[in-house]
Amino acid sequence: MEFFCYHRDRPGSLTLREALVEEHWSYMDRYADELIARGPTFADDGETPTGSVHMVDLPDPAAARAFAFDEPNYQAGAYRDVLLRRWRNLLGRTMWDFPGGRTGGNRYLVLGLGSGRPADLTVPPDRDELIAYGPLLSDDGATWLGTAALLRASGPDTARAVLTPDRYAGIEVHEWEFGGRR
């Protein structure tokens, strides 16, 4: 089962995050084979971390909750909250398989929180810029709750356009970069 996990930073936690960076990476190393994508999000200045994205393939919701809440930054109080949802990897690949590589261009997390009927359930036609893409689902996988995408785009407005705007209660766009080792 695939899961989307977004740990959002608590304001003022940068020093704590920096102190725990090796513990965080070592923790994630334990999941190296299960990770589909990972990396930090940033404030508009492009420098200040605002969160940490992990798309991961785990056996069940209990394993996903353990993954999210045993993470060292979460345990130490660096994160304000956690969005954890089932997710379906419609591209069928990891970020390391992205043809565009790890660097070059602007990268974004686009997060659409659903309202009403499901939307954007198929891969958009311009898939060459997609790093990861798929629906957010309830724990049992039966209910559509939104869509999460990682992509390369010329800017935040272009990134936002990957989702159908009037089908979501809200769409968030965050600067994002490839994270971790591998």
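The values are calculated or read from the model by the stated rules, or taken from the named source; none is laboratory data. Note that the coordinates shown come from a computational prediction; the quantities given were computed from them, not determined experimentally. These accessible areas exclude ligands, DNA and RNA; they are computed on the full protein's heavy atoms, side chains included. Shrake-Rupley method; radii C 1.70, N 1.55, O 1.52, S 1.80 Å.
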### Surface accessible to a 1.4 Å probe, Trp144 within the full protein complex, Å²
30 Å²
#### Entry: Phe42 accessible area, 1.4 Å probe, all protein chains in place, Å² to nearest 10
30 Å²
### Query
Got the relative contact order for the chain handy, in percent, Cα pairs under 8 Å and 6 or more residues apart?
27 percent
#### Entry: Per residue solvent-accessible surface (Å²) - region 68-174, probe of 1.4 Å
47 Å²
### Message
As a test question: what accessible area, to the nearest 10 Å², does Met55 have when a 1.4 Å probe is rolled over all protein chains in place?
### Response
0 Å²
### Task
Tally up the carbon and sulfur contribution to the accessible surface of region 1-158 as a whole percent, 1.4 Å probe, everything protein left in place.
49 percent
### Query
Taking 0.36 nm per intervening residue step and subtracting the Cα-Cα distance, what contour gain separates Asp126 from Asp70 on full extension?
16.5 nm
### Message
Is the C-alpha gyration tensor of region 60-150 telling us rounded, prolate or oblate? Criteria: a/c under 1.5 is rounded; beyond that, a/b larger than b/c is prolate, otherwise oblate.
### Response
oblate
### Task
Rounded, prolate or oblate: pick one for the chain, where a ≥ b ≥ c are the square roots of the eigenvalues of its C-alpha gyration tensor, a/c under 1.5 means rounded, and failing that, prolate if a/b is larger than b/c, else oblate.
rounded
### Task
Would you please classify the overall shape of region 17-76 from the alpha carbon gyration tensor, given that a ≥ b ≥ c denote the square roots of the eigenvalues, rounded means a/c under 1.5, and beyond that prolate means a/b larger than b/c while oblate covers the rest?
prolate
